[in-house]
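A quick write-up on the structure given underneath.
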Amino acid sequence: MKRIVLTGLVLGLILCGCGERSLGPSASPEPASEASPAVSAQPVSLPPEESSSPREPVEEDWRLMLVNPDHLLPDDFTVELAMTSYGYEVDARIVGPLNAMIEAAAADGVTLLPCYGYRTREQSAQLFEKQVSRQLAAGLSREAAVEEARKWVAPPGTSDHHTGLALDIVTPEHQVLNHAFAETPAARWMAGHSTEYGFVIRFPEDKQEITGITYEPWHLRYVGEEHARVMREQNLCLEEYWEQLYGEGEA
Ligand SMILES: [Zn+2]
(Lines give C-alpha, C1' and ligand atoms only; values in the text may rest on other atoms or scores of the structure.)
Protein backbone atom coordinates (compact mmCIF):
# COMPACT_ATOMS: atom_id res chain seq x y z
CA MET A 1 0.00 0.00 0.00
CA LYS A 2 2.74 2.38 1.02
CA ARG A 3 4.75 1.53 -2.06
CA ILE A 4 1.84 2.30 -4.34
CA VAL A 5 1.34 5.66 -2.71
CA LEU A 6 5.04 6.42 -3.02
CA THR A 7 5.13 5.41 -6.68
CA GLY A 8 2.19 7.65 -7.36
CA LEU A 9 3.91 10.50 -5.57
CA VAL A 10 7.12 10.11 -7.58
CA LEU A 11 5.17 9.86 -10.81
CA GLY A 12 3.31 13.00 -9.86
CA LEU A 13 6.55 14.86 -9.24
CA ILE A 14 7.96 13.80 -12.61
CA LEU A 15 4.85 14.93 -14.40
CA CYS A 16 4.88 18.27 -12.64
CA GLY A 17 8.54 18.80 -13.42
CA CYS A 18 8.08 18.30 -17.16
CA GLY A 19 6.68 21.73 -17.80
CA GLU A 20 9.03 23.59 -15.51
CA ARG A 21 11.70 25.68 -17.16
CA SER A 22 14.01 25.73 -14.20
CA LEU A 23 14.58 23.00 -11.65
CA GLY A 24 16.44 25.21 -9.24
CA PRO A 25 20.03 26.33 -8.76
CA SER A 26 21.52 22.83 -8.52
CA ALA A 27 19.99 21.57 -11.76
CA SER A 28 22.31 21.45 -14.74
CA PRO A 29 21.10 21.90 -18.31
CA GLU A 30 19.93 18.77 -20.06
CA PRO A 31 22.48 17.28 -22.50
CA ALA A 32 21.69 18.26 -26.06
CA SER A 33 21.91 14.66 -27.23
CA GLU A 34 19.68 11.93 -25.96
CA ALA A 35 22.55 9.41 -26.09
CA SER A 36 24.21 8.81 -22.75
CA PRO A 37 27.64 10.50 -22.39
CA ALA A 38 29.34 7.09 -22.04
CA VAL A 39 28.19 6.01 -25.49
CA SER A 40 29.34 9.08 -27.36
CA ALA A 41 33.04 8.68 -28.08
CA GLN A 42 33.74 12.06 -29.59
CA PRO A 43 33.37 15.15 -27.46
CA VAL A 44 30.56 17.15 -28.94
CA SER A 45 31.27 20.80 -29.37
CA LEU A 46 28.13 22.75 -28.91
CA PRO A 47 27.52 26.09 -30.57
CA PRO A 48 27.59 28.98 -28.13
CA GLU A 49 24.23 29.22 -26.47
CA GLU A 50 22.33 32.34 -27.34
CA SER A 51 20.59 32.28 -24.03
CA SER A 52 23.86 32.52 -22.11
CA SER A 53 24.01 36.28 -22.64
CA PRO A 54 21.24 38.28 -20.97
CA ARG A 55 18.50 39.38 -23.33
CA GLU A 56 18.40 43.01 -24.30
CA PRO A 57 15.38 44.60 -22.67
CA VAL A 58 12.80 45.22 -25.38
CA GLU A 59 11.58 48.78 -25.49
CA GLU A 60 7.82 48.89 -25.64
CA ASP A 61 6.12 50.44 -28.62
CA TRP A 62 3.96 53.33 -27.31
CA ARG A 63 1.19 52.20 -29.58
CA LEU A 64 0.93 48.87 -27.76
CA MET A 65 0.62 50.29 -24.25
CA LEU A 66 -1.38 47.76 -22.26
CA VAL A 67 -3.67 49.01 -19.51
CA ASN A 68 -5.97 46.53 -17.79
CA PRO A 69 -6.51 45.16 -14.25
CA ASP A 70 -3.10 43.42 -14.44
CA HIS A 71 -1.33 46.41 -16.00
CA LEU A 72 -2.36 49.53 -14.15
CA LEU A 73 -1.83 52.94 -15.65
CA PRO A 74 1.55 54.17 -14.35
CA ASP A 75 1.22 57.10 -11.93
CA ASP A 76 3.64 59.19 -13.99
CA PHE A 77 1.85 58.56 -17.29
CA THR A 78 1.43 61.63 -19.45
CA VAL A 79 0.09 62.02 -22.95
CA GLU A 80 -0.14 64.96 -25.32
CA LEU A 81 -3.79 65.22 -26.17
CA ALA A 82 -5.48 66.78 -29.15
CA MET A 83 -9.15 67.65 -29.48
CA THR A 84 -10.87 65.90 -32.37
CA SER A 85 -13.55 67.64 -34.38
CA TYR A 86 -16.04 65.43 -32.51
CA GLY A 87 -15.33 67.07 -29.17
CA TYR A 88 -13.31 64.21 -27.68
CA GLU A 89 -9.64 64.21 -26.86
CA VAL A 90 -7.19 61.55 -28.00
CA ASP A 91 -3.41 61.15 -28.17
CA ALA A 92 -2.35 63.81 -30.67
CA ARG A 93 -0.46 61.21 -32.69
CA ILE A 94 -3.59 59.29 -33.69
CA VAL A 95 -5.71 62.16 -34.96
CA GLY A 96 -4.36 61.63 -38.50
CA PRO A 97 -5.16 57.91 -38.71
CA LEU A 98 -8.53 58.50 -37.03
CA ASN A 99 -9.56 61.12 -39.56
CA ALA A 100 -8.29 58.95 -42.43
CA MET A 101 -10.46 56.07 -41.20
CA ILE A 102 -13.55 58.23 -40.76
CA GLU A 103 -13.09 59.71 -44.25
CA ALA A 104 -12.65 56.27 -45.82
CA ALA A 105 -15.84 55.07 -44.13
CA ALA A 106 -17.67 58.16 -45.36
CA ALA A 107 -16.49 57.41 -48.90
CA ASP A 108 -18.15 54.00 -48.49
CA GLY A 109 -21.35 55.68 -47.30
CA VAL A 110 -20.84 54.87 -43.60
CA THR A 111 -20.87 57.52 -40.89
CA LEU A 112 -18.57 56.88 -37.94
CA LEU A 113 -19.28 58.99 -34.89
CA PRO A 114 -16.72 59.01 -32.06
CA CYS A 115 -18.49 59.31 -28.70
CA TYR A 116 -15.67 58.78 -26.17
CA GLY A 117 -11.93 59.21 -26.29
CA TYR A 118 -9.35 59.86 -23.62
CA ARG A 119 -10.57 59.39 -20.08
CA THR A 120 -8.97 60.45 -16.80
CA ARG A 121 -8.91 58.30 -13.66
CA GLU A 122 -11.51 60.59 -12.13
CA GLN A 123 -13.85 60.19 -15.07
CA SER A 124 -13.41 56.42 -14.93
CA ALA A 125 -14.15 56.45 -11.22
CA GLN A 126 -17.41 58.30 -11.82
CA LEU A 127 -18.46 55.99 -14.64
CA PHE A 128 -17.62 52.95 -12.57
CA GLU A 129 -19.62 54.15 -9.58
CA LYS A 130 -22.54 54.90 -11.87
CA GLN A 131 -22.45 51.35 -13.18
CA VAL A 132 -22.21 49.94 -9.64
CA SER A 133 -25.25 52.00 -8.61
CA ARG A 134 -27.13 50.64 -11.58
CA GLN A 135 -26.36 47.07 -10.51
CA LEU A 136 -27.28 47.85 -6.88
CA ALA A 137 -30.59 49.24 -8.08
CA ALA A 138 -31.14 45.96 -9.94
CA GLY A 139 -30.98 44.21 -6.59
CA LEU A 140 -27.39 42.95 -6.40
CA SER A 141 -25.31 43.04 -3.23
CA ARG A 142 -22.47 45.58 -3.15
CA GLU A 143 -19.90 42.85 -3.85
CA ALA A 144 -21.88 41.33 -6.71
CA ALA A 145 -22.61 44.79 -8.12
CA VAL A 146 -18.91 45.67 -8.23
CA GLU A 147 -18.12 42.35 -9.89
CA GLU A 148 -20.82 42.85 -12.51
CA ALA A 149 -19.84 46.47 -13.10
CA ARG A 150 -16.27 45.38 -13.90
CA LYS A 151 -17.56 43.53 -16.96
CA TRP A 152 -18.93 46.75 -18.41
CA VAL A 153 -16.79 49.59 -17.10
CA ALA A 154 -13.09 49.36 -16.33
CA PRO A 155 -12.32 50.55 -12.79
CA PRO A 156 -10.13 53.69 -12.56
CA GLY A 157 -6.50 52.99 -13.48
CA THR A 158 -7.41 49.97 -15.60
CA SER A 159 -9.22 51.55 -18.56
CA ASP A 160 -7.91 51.36 -22.10
CA HIS A 161 -9.29 54.90 -22.48
CA HIS A 162 -6.57 56.22 -20.14
CA THR A 163 -4.00 55.64 -22.89
CA GLY A 164 -5.51 58.23 -25.23
CA LEU A 165 -5.31 55.55 -27.92
CA ALA A 166 -8.87 54.28 -27.52
CA LEU A 167 -12.16 55.55 -28.88
CA ASP A 168 -15.75 54.47 -28.70
CA ILE A 169 -17.31 54.96 -32.10
CA VAL A 170 -21.00 54.70 -32.95
CA THR A 171 -23.13 55.89 -35.84
CA PRO A 172 -25.96 58.48 -35.90
CA GLU A 173 -28.67 55.81 -36.26
CA HIS A 174 -27.38 53.75 -33.34
CA GLN A 175 -25.74 55.66 -30.53
CA VAL A 176 -26.27 53.16 -27.73
CA LEU A 177 -23.31 51.10 -26.60
CA ASN A 178 -24.91 47.67 -26.71
CA HIS A 179 -24.36 44.44 -28.57
CA ALA A 180 -26.99 45.30 -31.19
CA PHE A 181 -24.52 47.89 -32.45
CA ALA A 182 -22.54 45.00 -33.96
CA GLU A 183 -25.28 44.60 -36.59
CA THR A 184 -25.01 48.16 -37.90
CA PRO A 185 -23.19 49.00 -41.15
CA ALA A 186 -20.79 51.15 -39.09
CA ALA A 187 -19.76 48.24 -36.87
CA ARG A 188 -19.43 45.93 -39.86
CA TRP A 189 -17.32 48.51 -41.67
CA MET A 190 -15.01 48.95 -38.67
CA ALA A 191 -14.68 45.19 -38.18
CA GLY A 192 -13.70 44.86 -41.83
CA HIS A 193 -11.53 47.93 -42.40
CA SER A 194 -10.27 49.50 -39.18
CA THR A 195 -6.97 47.59 -39.25
CA GLU A 196 -6.10 49.30 -42.54
CA TYR A 197 -5.84 52.50 -40.48
CA GLY A 198 -4.10 50.94 -37.50
CA PHE A 199 -7.18 50.37 -35.29
CA VAL A 200 -8.37 47.08 -33.81
CA ILE A 201 -11.54 46.03 -32.01
CA ARG A 202 -10.00 46.05 -28.55
CA PHE A 203 -12.48 43.67 -26.88
CA PRO A 204 -13.48 41.03 -29.43
CA GLU A 205 -16.36 38.63 -28.95
CA ASP A 206 -14.16 35.52 -28.91
CA LYS A 207 -11.64 36.97 -26.43
CA GLN A 208 -13.87 37.90 -23.51
CA GLU A 209 -12.23 35.27 -21.31
CA ILE A 210 -8.84 36.84 -21.88
CA THR A 211 -9.69 40.54 -21.83
CA GLY A 212 -12.19 40.16 -19.00
CA ILE A 213 -14.35 42.72 -20.79
CA THR A 214 -17.58 41.99 -22.56
CA TYR A 215 -17.65 42.23 -26.38
CA GLU A 216 -17.41 45.89 -27.43
CA PRO A 217 -17.81 46.29 -31.19
CA TRP A 218 -17.67 50.09 -30.70
CA HIS A 219 -14.37 50.29 -28.81
CA LEU A 220 -11.48 50.84 -31.17
CA ARG A 221 -7.90 50.97 -30.15
CA TYR A 222 -5.01 52.38 -32.15
CA VAL A 223 -2.01 50.05 -32.36
CA GLY A 224 -0.52 51.08 -35.71
CA GLU A 225 -1.03 49.48 -39.10
CA GLU A 226 1.65 46.79 -38.94
CA HIS A 227 0.61 45.59 -35.49
CA ALA A 228 -3.07 45.71 -36.41
CA ARG A 229 -2.36 43.56 -39.45
CA VAL A 230 -0.56 40.87 -37.42
CA MET A 231 -3.22 40.89 -34.71
CA ARG A 232 -5.88 40.42 -37.34
CA GLU A 233 -4.02 37.69 -39.25
CA GLN A 234 -3.24 35.76 -36.08
CA ASN A 235 -6.54 36.57 -34.37
CA LEU A 236 -4.87 38.01 -31.28
CA CYS A 237 -6.30 40.48 -28.81
CA LEU A 238 -3.95 43.08 -27.34
CA GLU A 239 -3.33 41.01 -24.19
CA GLU A 240 -2.19 38.05 -26.31
CA TYR A 241 -0.12 40.12 -28.72
CA TRP A 242 1.53 42.11 -25.92
CA GLU A 243 2.37 38.87 -24.10
CA GLN A 244 3.94 37.50 -27.27
CA LEU A 245 6.17 40.55 -27.66
CA TYR A 246 6.96 41.63 -24.12
CA GLY A 247 5.50 39.05 -21.77
CA GLU A 248 8.53 36.86 -21.10
CA GLY A 249 9.45 36.98 -17.46
CA GLU A 250 6.21 38.66 -16.49
CA ALA A 251 4.64 37.37 -13.33
ZN1 LIG B 1 -14.55 52.17 -24.78
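Taking K and R as +1 and D and E as -1, what net charge do the other residues with C-beta under 12 Å from the C-beta of Ile213 add up to?
With Lys, Arg at +1 and Asp, Glu at -1, the neighbours total 0.
Which value, in Å², gives the accessible area per residue of segment 78-183 when a 1.4 Å probe is used on the protein heavy atoms?
I get 51 Å² per residue for this part.
Could you give the distance between the Cα centres of segment 212-232 and segment 99-152, to the whole Å?
16
Tell me the carbon and sulfur percent of the accessible area for segment 127-229, rounded to whole percent, probe radius 1.4 Å.
C and S fraction of accessible area: 51 percent.
With each pseudo-label sitting 7 Å past Cα toward Cβ, what's the His179-Glu129 distance in nm, one decimal?
Placing both labels 7 Å along Cα→Cβ, they lie 3.0 nm apart.
Pulled fully out, how much extra length does the chain show between Glu59 and Asp76, if you take 0.36 nm times their separation in residues and subtract their Cα-Cα distance?
Length gained, Glu59 through Asp76: 4.4 nm.
The values are calculated or read from the model by the stated rules, or taken from the named source; none is laboratory data. None of these values were measured; they are calculated from a predicted model. When we count neighbours, we look across all protein chains shown, and the Cβ atoms used for this are built from the backbone with ideal geometry, even at glycine. We work out accessible area using only protein heavy atoms, side chains counted, and drop any ligands, DNA or RNA first. Shrake-Rupley method; radii C 1.70, N 1.55, O 1.52, S 1.80 Å.
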